[in-house]
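> After the structure tokens below, expect a handful of questions from me.
The values are calculated or read from the model by the stated rules, or taken from the named source; none is laboratory data. In this text the structure is predicted, and so the values were computed from the model without any measurement. Cβ coordinates were reconstructed from backbone atoms using ideal geometry, including for glycine residues, and neighbour counts include every protein chain displayed. Accessible surface areas use protein heavy atoms only, side chains included; no ligands, DNA or RNA. Shrake-Rupley method; radii C 1.70, N 1.55, O 1.52, S 1.80 Å.
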Amino acid sequence: MEWSIQEIARRAGTTSRTLRHYGDLGLLAPSRVGSNGYRYYDQDALVRLQRILLLRELGLSLPAIKGVLEGQRDTAVALRAHLRLLEQEQARIGRQIASVRTTLHKTEEGMELMAEEVFDGFDHTAHEREVTERWGREAYEEGDRWWRSLGEAGKKAFLDEHEAIARDWGLAREAGLGADSEQAQDIARRHCAWLSSSGAPGKSPGKASSAAPSRSYVIGLGEMYVADPRFGKNYDRYGDGTAAFVRDALTIYAEQRLTD
């Protein structure tokens with residue numbers, strides 16, 4: 001079974017022009033082109049389009065999406081990964097909705113608010129399982145203790161610093177600077193210093209939180225910025241290809257300046 005480009009555009013809530021653009025970029029080729037020049041799409045194309053739209057909603061740029069699709073040849077594996085991300089996001093949003101409802105109800109009734117109720121669904125513990133699987137339970141617990149110790153002002157300062165770094169990454173890429181340029185490497189230095197200020201994993205056991213992260217950790221993190229849409233969107237929102245630029249610059253910095 002196949003569908004015309006107009007049918008697919010209507011059902012997907014997009015436009016024929018967008019689908020043709022995806023085709024021009026090598027993201028979504030039609031299964032065939034009729035003698036009248038119309039494009040038609042089969043079931044495999046529909047599944048690929050679903051993956052594209054999901055990645056777009058997660059904030060990934062089109063070049064980055066192409067890279068993800070080319071790197072995930074097993075459609076079933078890729079869809080399971082998408083489903084897991086969506087379920088995690090659904091759970092987080094569900095917690096936020098419940099939190100806001102509780103806050104609204106208690107505010108209207110003049111009842112006392114509890115901090116754990118107000119901020120449920122807004123903290124970093126949503127990634128507890130992932131951090132534990134990647135770097136171990138001790139790494140998660142250390143990071144969790146550090147985050148909770150900051151206080152609201154400290155948390156805001158930490159997030160604001162990352163926002164400034166991400167913005168500067170985007171400006172450097174937009175200016176056409178090389179990943180090995182002096183300016184990009186200085187941002188990489190700031191990025192690693194920001195990582196060092198946290199309870200992030202990847203540092204030698206027993207070292208103070210100000211110690212530099214390990215070379216392998218920074219290189220792996222850079223790869224994750226490109227491979228995982230949840231992280232990549234923090235940089236690609238400052239321009240397509242920024243996450244890849246960050247990865248390349250951090251890799252150079254780590255190989256030249258850091259140790260394991």
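> Take the conditions over 30 Å from Ala81 (Cα atoms), open to solvent by less than 40 Å² (accessible area, probe 1.4 Å) and at pLDDT below 85 and apply them to Ala211. Does it pass? Outline the logic, then answer.
Numbers: over 30 Å from Ala81 (Cα atoms): yes; open to solvent by less than 40 Å² (accessible area, probe 1.4 Å): yes; at pLDDT below 85: yes.
Criteria met by Ala211.
> Assess whether Asp144 counts as being of a type in the set (Asp, Glu), more than 17 Å from Leu258 (Cβ to Cβ) and either at pLDDT 90 or above or open to solvent by less than 80 Å² (accessible area, probe 1.4 Å) (or both). Don't jump to the end; show me each part of the working.
On the way: of a type in the set (Asp, Glu): yes; more than 17 Å from Leu258 (Cβ to Cβ): yes; either at pLDDT 90 or above or open to solvent by less than 80 Å² (accessible area, probe 1.4 Å) (or both): yes.
When the stated conditions are applied, Asp144 passes them.
> In this structure, does Gly37 turn out to be loosely packed, with under 14 Cβ neighbours inside 10 Å and either at pLDDT 75 or above or among the acidic types (Asp, Glu) (or both)?
Numbers: loosely packed, with under 14 Cβ neighbours inside 10 Å: yes; either at pLDDT 75 or above or among the acidic types (Asp, Glu) (or both): yes.
Yes: the conditions hold for Gly37.
> Something else: Can you tell me which condition Lys156 does not meet? The list is (1) in a helix (DSSP H, G or I); (2) surrounded by 13 or more Cβ atoms within 10 Å (Cβ to Cβ); (3) at pLDDT 75 or above, and all the others hold.
Every condition holds for Lys156 apart from (2).
> Quick one: in segment 214-229, which of the residues that are assigned to a helix (DSSP H, G or I) and charged (D, E, K, R) is surrounded by the most Cβ atoms within 10 Å (Cβ to Cβ)?
Start the filter on segment 214-229 by keeping residues that are assigned to a helix (DSSP H, G or I), which leaves 215-227, 229.
Narrowing the set further to residues that are charged (D, E, K, R) leaves 215, 223.
On the way: Arg215: 18, Glu223: 13.
Selected residue: Arg215.
> Residues of segment 12-34 being open to solvent by 50 Å² or more (accessible area, probe 1.4 Å) and not in a helix (DSSP H, G or I), which ones?
Keep residues of segment 12-34 that are open to solvent by 50 Å² or more (accessible area, probe 1.4 Å), which gives 13, 15, 17, 20-21, 24-25, 29, 31-33.
Across segment 12-34, the qualifying residues are Gly13, Thr15, Leu25, Ala29, Ser31, Arg32, Val33.
> Then there's this: For segment 1-11, give me each residue that is open to solvent by less than 40 Å² (accessible area, probe 1.4 Å) and in a helix (DSSP H, G or I).
Ile5, Ile8, Ala9
Quick grid of which residues meet (1) at pLDDT below 85; (2) out of contact with any helix residue (DSSP H, G or I) (no Cβ under 8 Å at 6 or more places or on another chain); (3) assigned to a strand (DSSP E or B); (4) open to solvent by 80 Å² or more (accessible area, probe 1.4 Å):
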position	(1), (2), (3), (4)
Ile52	no, no, no, no
Lys66	yes, yes, no, no
Glu87	yes, yes, no, yes
Gln96	yes, yes, no, no
Leu104	yes, yes, no, yes
Met111	yes, no, no, yes
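> Within segment 230-260, restricting attention to residues that are open to solvent by 40 Å² or more (accessible area, probe 1.4 Å) and more than 15 Å from Cys192 (Cα to Cα), which residue is modelled with the lowest pLDDT?
If we take residues in segment 230-260 being open to solvent by 40 Å² or more (accessible area, probe 1.4 Å) and more than 15 Å from Cys192 (Cα to Cα), then Arg230 is modelled with the lowest pLDDT.
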